[in-house]
């Protein structure tokens, strides 16, 4: 597995005694040969069934089975999965039709690699962050084999679309990341919060997005009202976890070391373990749920025991 590029990781977000140490730890943990049980990062697909307090989880299917980098899954409205994947020692954006299992590549950029793909609402295009070999990191839209630069002056780290022409993203600044509202059509940008983490998501059934901050060793999940700008704390993520996704019923999922956890903010303050994977599953990070709430894509380390 290739090491993660530090510029694609949360850069500390004004986190006391955390920024450089976090990047160093992530680089160490993601380099093969350092951890005795280090394995390969893959994307898995599971069926899920929401029934009130219970969450049923089906078998995990390895969708990628690729020795390189496979990460950052996102569902499309037409039943496909987008993700970043390595081919020919470069990271490009792949699209997998889940019904036919047909695989296609959406880009092939000489001198650069793409990360964090997302479908743009109401359009046929996909946005992704391009990291060029010269160090330039920008957000592009991809459609029919062509790419278009969206914001020439923003070093985008992570993104979530709040509408066809409204992007909420994190922008790298020195060793921090700021939460920014960006409108592609007018190249308008506005900094909403300074010092945030990498996890961004739309909250179902609301005009809000969630983002994270870091305090006293833990990531906190915040809900931002896009109309008023008000933000409230929703939850605190378990230790060692910084990624999450929302289910249609308003509950949250996060991973951990071989487990799935769920939190219902309106019911209880504590995360509950809802599923334990077999011993071959290591740390679970990125996750995505389809709009119907029936499919879960997650990124997990396949542990290779010594």
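Taking the stated definitions as given, is residue 229 assigned to a loop (DSSP other than H, G, I, E, B), at pLDDT below 95 and closer than 22 Å to residue 272 by Cα? Walk me through how you get there before you give the answer.
Details: assigned to a loop (DSSP other than H, G, I, E, B): yes; at pLDDT below 95: yes; closer than 22 Å to residue 272 by Cα: no.
Spelling it out, it is not the case that residue 229 is assigned to a loop (DSSP other than H, G, I, E, B), at pLDDT below 95 and closer than 22 Å to residue 272 by Cα.
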So is residue 209 buried (at least 21 other Cβ atoms within 10 Å of the Cβ) and either without any contact (Cβ under 8 Å) to a residue 60 or more places away in the chain or in contact with a strand residue (DSSP E or B) (Cβ under 8 Å, 6 or more places away or on another chain) (or both) or not?
yes
Any idea how many residues of the stretch 133-159 are assigned to a strand (DSSP E or B) and either modelled with pLDDT under 90 or exposed (fewer than 13 other Cβ atoms within 10 Å of the Cβ) (or both)?
3
For the stretch 57-95, how many residues are surrounded by fewer than 17 Cβ atoms within 10 Å (Cβ to Cβ) and part of a strand (DSSP E or B)?
4
Any residue at all in the stretch 114-129 that's more than 29 Å from residue 227 (Cβ to Cβ), touching a strand residue (DSSP E or B) at 6+ places or on another chain (Cβ under 6 Å) and part of a strand (DSSP E or B)?
yes
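Every residue in the stretch 260-273 that is part of a strand (DSSP E or B) and crowded, with 18+ Cβ neighbours inside 10 Å, please.
Pass one, the stretch 260-273, residues part of a strand (DSSP E or B): 260-263, 272-273.
260, 261, 262, 263, listed by residue number.
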Residues of the stretch 166-183 being surrounded by fewer than 18 Cβ atoms within 10 Å (Cβ to Cβ) and either over 18 Å from residue 137 (Cβ atoms) or modelled with pLDDT of 95 or more (or both), in sequence order, are 166, 183
Restricting attention to the stretch 274-306, report how many residues are assigned to a loop (DSSP other than H, G, I, E, B), touching a strand residue (DSSP E or B) at 6+ places or on another chain (Cβ under 9 Å) and more than 24 Å from residue 201 (Cα to Cα).
4
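Here's the yes/no breakdown for (1) in a strand (DSSP E or B); (2) touching a helix residue (DSSP H, G or I) at 6+ places or on another chain (Cβ under 8 Å); (3) closer than 26 Å to residue 77 by Cβ:
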| residue | (1), (2), (3) |
| --- | --- |
| 172 | yes, yes, no |
| 177 | yes, no, no |
| 181 | yes, no, yes |
| 222 | yes, no, no |
| 253 | yes, no, yes |
Considering only residues that are touching a residue at least 40 places away in the same chain (Cβ under 8 Å) and assigned to a strand (DSSP E or B), look in the stretch 184-206 and name the one that is surrounded by the most Cβ atoms within 10 Å (Cβ to Cβ).
201
Across (1) surrounded by 20 or more Cβ atoms within 10 Å (Cβ to Cβ); (2) within 20 Å of residue 159 (Cα to Cα), residue 291 clears everything bar (1)
Could you pull out the residue among 225, 257 that is within 22 Å of residue 69 (Cα to Cα), surrounded by fewer than 20 Cβ atoms within 10 Å (Cβ to Cβ) and without any contact (Cβ under 8 Å) to a residue 60 or more places away in the chain?
257
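The values are calculated or read from the model by the stated rules, or taken from the named source; none is laboratory data. All values derive from a computational prediction rather than experimental measurement. Using ideal geometry, Cβ is built from the backbone for each residue, glycine included, and neighbour counts are taken over all protein chains shown.
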